[in-house]
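Colleague: Quick one: this structure, given as structure tokens, is what I'll be asking you about.
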Amino acid sequence: MEDTVQISCPYCFESLEVYIDPQSEGELIRDCDVCCRPWLLQVARGVDGSLSVRVSRAQ
Ligand SMILES: [Zn+2]
């Protein structure tokens with residue numbers, strides 16, 4: 001099961017690899033490692049365990 005995703009920061013547009021905890025699902029708040037502004041991550045898992053993450057600004 002894949003638990004890292006490639007995220008493009010909605011603030012600074014830096015591309016980052018982000019680890020998603022295997023227990024995590026739903027909405028998470030996480031700060032960008034580059035610009036430290038908060039992301040809202042929406043984590044969904046498919047029946048086959050595939051991970052899909054949407055990122056938006058948490059404000
Ligand atoms: Zn950023």
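Colleague: For the range 26-46, enumerate the residues that are part of a strand (DSSP E or B) and open to solvent by 70 Å² or more (accessible area, probe 1.4 Å).
Modeller: Our first condition is that a residue be part of a strand (DSSP E or B); within the range 26-46, this holds for 26-31, 38-45.
Passing the criteria: Glu27, Ile29, Arg30, Asp31, Gln42.
Colleague: Let me ask something else about it. Could you pull out the residue among Ser8, Ser24 that is of a type in the set (Ser, Thr, Tyr) and in contact (Cβ under 8 Å) with a residue 24 or more places away in the chain?
Modeller: On the way: Ser24 fails: in contact (Cβ under 8 Å) with a residue 24 or more places away in the chain.
One residue alone meets the criteria, Ser8.
Colleague: Spot the failing condition for Ser56; the list is (1) free of Cβ contacts under 8 Å to residues at least 24 places away in the same chain; (2) within 16 Å of the ligand (Cβ to nearest atom); (3) polar (S, T, N, Q); (4) assigned to a strand (DSSP E or B), and only one is missed.
Modeller: (1)
Colleague: Let me ask another. Residue by residue through the range 9-25, note down the ones that are open to solvent by 60 Å² or more (accessible area, probe 1.4 Å) and near the ligand (Cβ under 9 Å from one of its atoms).
Modeller: Within the range 9-25, Phe13, Glu14 qualify.
Colleague: Of all residues in the range 29-43, which are more than 13 Å from the ligand (Cβ to nearest atom) and more than 8 Å from the chain's Cα centre (by Cα)?
Modeller: Residue satisfying the conditions is Ile29 alone.
Colleague: Of the residues Leu16, Leu51, which single one is under 11 Å from the mean Cα position of the chain (by Cα) and at pLDDT 95 or above? Can you show your working first?
Modeller: On the way: Leu51 fails: at pLDDT 95 or above.
One residue alone meets the criteria, Leu16.
The values are calculated or read from the model by the stated rules, or taken from the named source; none is laboratory data. Note that the coordinates shown come from a computational prediction; the quantities given were computed from them, not determined experimentally. Note that each Cβ is placed from the backbone with ideal geometry, even for glycine, and that neighbours are counted across all protein chains shown. Please note that ligands, DNA and RNA were not included when accessible areas were found on the heavy atoms of the full protein model with its side chains. Shrake-Rupley method; radii C 1.70, N 1.55, O 1.52, S 1.80 Å.
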